1. What angle do you read, to the nearest 10 degrees and between 0 and 90, between the alpha-carbon axis of helix 2-26 and the longest principal axis of the chain?
2. Where does helix 30-45 land angle-wise versus the long Cα axis of the chain, in degrees 0 to 90, nearest 10?
3. Expressed in nm to one decimal, what extension gain is obtained for the pair L34 and N2 from 0.36 nm per residue of sequence separation less their Cα-Cα distance?
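Readers should treat all values here as calculations from the given coordinates under stated rules, not as data from a laboratory. Quick caveat, the model's predicted, so the values are computed rather than measured.
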Amino acid sequence: MNQLIHFILKIFGLILIFVGVFMLSTTSSFWAGLIIVLFGVFLMWFKNER
C-alpha cells in the first residue's frame, strides 16, 4: 500500500514538472512555473523516512 502511494506521488510529481516547464516556456508567469517545478521535484524525491 505504501509503495502504491509512493508511485502515485512520483507520477504526480512528473506531471507537475511537465506543467511547470510548459508554463515557464509559454506564459509570462515565470515564478508560478518555477514553484510548480520545484514542488514536482520535491514530490519526486520525497521519501517517507519514519
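1. Approximately 10 degrees, to the nearest 10.
2. 20
3. Working: separation 32, 0.36 × 32 = 11.52 nm, distance 2.87 nm.
Computed gain between L34 and N2 is 8.6 nm.
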